[in-house]
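The values are calculated or read from the model by the stated rules, or taken from the named source; none is laboratory data. Computed from a predicted structure; not experimentally measured. Here the Cβ positions follow ideal geometry from the backbone for every residue, glycine too, while neighbour counts run over all protein chains shown.
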Amino acid sequence: MRLGKVAVLLVSGLRLLAQEAYFKEPERKWWMPTWELNAWHDDIDRGPGKPAILRDRSRLRLRWQLGEDSDWIQLRAGSAHYVGSDGNRFNLARFDNEVSNGTRLDLADLRLQAMGTSGGVEVHGGLVENGLIATESLWDPDLRVFGGFGRAFYRVPEGALEELGIRATVGDARLIEGGRVNLTAVQGVARLATGPVSWTFFGGTWNLKAREEDLAKFRRQNPSSIPEYYPAQATNFPLTAYGIAIGSTGAFPFEIKAQRHTNRTTKEQGGELQVFLGSRTRKWWPQFGWVRQVMAPTSQLASVNGDLWWFHAAADGSRYIVALPLPDKWLIQYSYLEQRLRSAKTSLTTQRIDIIKRF
């Protein structure tokens, strides 16, 4: 009798598993946004004789989507909401690309695509993300472009070549105080996969130029009165950037990315090296990171640099990162930054704690 009851319970359990596997998860309604939350605390030591800066900030992103990622047409829209203790009046002095307090449109992207087994084409228009591969020393991934992005690529089905193609971005990027800088960039990309390891090679031209109507705002944000930052009247930055990224999502995840960028007019060079061990998406699997930046006065533009760094030209620095992914896409992270202007004897240090909920 006991064996019979066990058999009945086992069969019932298998039926329940089959039903759970068969029935799909309820789909999210189009009017219900996904969300991402980032709250962080900064402790910035600017050296002897200068008061430290303590600040708390948070950002909530909401994202709506019509159409699946595999559809030929898709519309995405998003908003960003900021609350901070330091006030918007410090944004210019601290080269913050994002507001400290307030709300703004974060994304309005209409995408058309045609994908096949051997390649594809996609075009984005509106307020879009920049789909070019870059490190923080050249481009802030939180910035958006008023314009468009597109790519076309070839791939070998079930082969090592995952992407061989070209990417391009054209439009205006928002500056700190509301002005814009024009961006025109073209990049070639080759991505190979050898087992669990992927190899990505990228390179191309970036042309960043202040709009005529925004020259006053541009010069306030890129002061020529500070010689170690920018030469007088420089408003055009023609850059060549190239790099390599190696990564694996296998048993021991890692990512290594290196980029060098050169101003074609001044011939000055800057670069960045990133090394990450571990995963940011596997719960309870820690990640350790090291990021090294070398920044010349004219090899990158301060207005579009990633603003996790205090100095944005004529400076060298390293950032050390420890992150722990938690269940339900939560993550806690500690980072330590040490950066120095080349003309300075002392360095600036920043300690930062982030609590993040990913989309």
All positions within segment 280-306 that are over 21 Å from TRP139 (Cα atoms) and either over 19 Å from the mean Cα position of the chain (by Cα) or of a type in the set (Phe, Trp, Tyr) (or both)
ARG282, LYS283, TRP284, TRP285, PRO286, PHE288
Meets criteria (closer than 26 Å to LEU138 by Cα and in contact (Cβ under 8 Å) with a residue 40 or more places away in the chain) for ASP106
yes
I'd like the residue in segment 161-180 that is modelled with pLDDT under 90 and either assigned to a loop (DSSP other than H, G, I, E, B) or of a type in the set (A, V, I, L, M) (or both) and, out of all such residues, is surrounded by the fewest Cβ atoms within 10 Å (Cβ to Cβ).
GLY178
